[in-house]
Amino acid sequence: MKGLTVREHMVLYKDAKYNTFPSAIHLNDGGYLVGFRQAPDRRSVYGRYDHIDPSSKAVTISSADGRNWSAEAEVLFDHFFYGVQDPCLNVMFDGTIVGTFFMWKVFETGDLPEQPRDRAVYDQWRARKAGAYTIRSNDDGKTWDQPVAISIPDVAIRGTGVQAKDGSLLIPMYRLGSDGFEVLIARTENCGHTWTIQGTVRSIDGCDFQEPLLYRAPSGKLIVLMRTRLQGSRPEANRCPLYTSESTDDGVTWSRPAAQPFYSPSPFHGLLLKDGRLLLTYGHRYEPYGIRAALLDPECERWDASEEIVLREDASGRDIGYTSSVQLDDHTVLVTYYYYDTDGYRYIAGTLCELQG
């Protein structure tokens, strides 16, 4: 397959805060919206960043053309007590945006009995998940309603879903099960107010499945792309293969997950292009650090026929990635992600790519 030509790297949004984990969508009116997590820069106090912060919030930037972006970030959701994590955006057929996120509550070490799911924060505090939520906008992200808690316990969400022909929305979630992290496919018929579990993709091969994205192929089958981490001792570069699983009954039953020839300890994103190919993108958290891509057949049946494409390899370290792509026109794709240069400030970046047919 022919590939992509990188035309330009752009800074979509940068300030003195810690901006990460973008989710980009093409609005029904033709514009574009990127949601992302924003937190204070704690380096001057703690010497480093942490992906959990009790002051983190969800924000958005917008663009009419995908090239010129709003200078100020608008608040999607902020909470007084909890840190907001991983806002992800889904556009429904009628233009409604259904956003998802989950939250963390940070405790003093010793305030509560320690649990296996707790996370250490700056080696001084403990964080515990405070639920996952949906939120909606009917005006292209200018205003949002109040969040609604997802009734499925212990789940986190990083990845977008797909809408079925009957209007329901399927969202991939993940949580720690009895045999490691597993992926749940959840269904809502009312834009996130109530949920049922449609199907489950359980861990295999001593491999945790996390941060899934759901993709519908032209044939109608569903494919879930899963970030993984293989347990046990093995070379770091081989510990995080992309795993996929497929469903032909709208997510009720799933094939045995299979490892694919792409590796990243950062989630994978898939975008069906207008020319029928699937664009796979991901952060490359191994030296040289950067962003990579591949062009696949839309049914994801010929993985070995695809080659890795280097979009850039000039990052200052491995805290990068979380790609999310949108197509601007027949020949142009914008790949968004978070990145940092020598000054250390994490920012929302974009790479404009020209498609070669």
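The values are calculated or read from the model by the stated rules, or taken from the named source; none is laboratory data. Quick caveat: nothing in here was measured; it's all calculated off a predicted structure. Cβ placement follows ideal geometry from the backbone for every residue including glycine, while neighbour counts extend to all protein chains displayed. When the accessible area is computed, the model is the full protein with side chains, heavy atoms only, and any ligands, DNA or RNA have been set aside. Shrake-Rupley method; radii C 1.70, N 1.55, O 1.52, S 1.80 Å.
Annotations for the structure displayed:
- Some residue of region 307-317 being assigned to a strand (DSSP E or B) and open to solvent by less than 30 Å² (accessible area, probe 1.4 Å): yes
- Residue count for region 260-306, restricted to those that are within 19 Å of residue 227 (Cβ to Cβ) and either in a strand (DSSP E or B) or under 15 Å from the mean Cα position of the chain (by Cα) (or both): 25
- Hits in region 170-227 - residues which are more than 21 Å from the chain's Cα centre (by Cα) and aliphatic (A, V, I, L, M): 204
- As a summary of the residue check, residue 272 satisfies the conditions (1) touching a Leu at 6+ places or on another chain (Cβ under 7 Å); (2) under 21 Å from residue 182 (Cα atoms) except for the one numbered (2).
- Single condition residue 212 does not satisfy, out of (1) modelled with pLDDT of 95 or more; (2) open to solvent by 50 Å² or more (accessible area, probe 1.4 Å); (3) in a strand (DSSP E or B): (2)
- Of all residues in region 114-157 being among the small types (Gly, Ala, Ser) and part of a strand (DSSP E or B), the one that is nearest to the chain's Cα centre (by Cα): 156
- Across region 238-255, the qualifying residues are those that are part of a loop (DSSP other than H, G, I, E, B) and of a type outside the set (S, T, N, Q), and the one among them that is surrounded by the fewest Cβ atoms within 10 Å (Cβ to Cβ) is 249.
- Set 115, 124: member being more than 21 Å from residue 156 (Cα to Cα) and modelled with pLDDT under 95: 124
- Selection count where residues are open to solvent by less than 20 Å² (accessible area, probe 1.4 Å) and of a type in the set (D, E, K, R), scope region 286-306: 1
- Whichever residue in region 178-193 is over 18 Å from residue 252 (Cβ atoms) and in contact (Cβ under 8 Å) with a residue 12 or more places away in the chain and, among such residues, is surrounded by the most Cβ atoms within 10 Å (Cβ to Cβ): 192
- Restricting region 158-193 to residues that are in a loop (DSSP other than H, G, I, E, B) and among the small types (Gly, Ala, Ser), the residue that is farthest from residue 98 (Cα to Cα): 178
Residues are listed down the side, and each one gets a yes or a no for (1) more than 25 Å from residue 344 (Cα to Cα); (2) touching an Asp or Glu at 6+ places or on another chain (Cβ under 9 Å); (3) of a type in the set (A, V, I, L, M, F, W, C):
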position	(1), (2), (3)
40	no, yes, no
44	no, no, no
58	no, yes, yes
77	yes, no, yes
81	yes, no, yes
88	no, no, yes
94	yes, no, no
110	yes, no, no
129	yes, yes, no
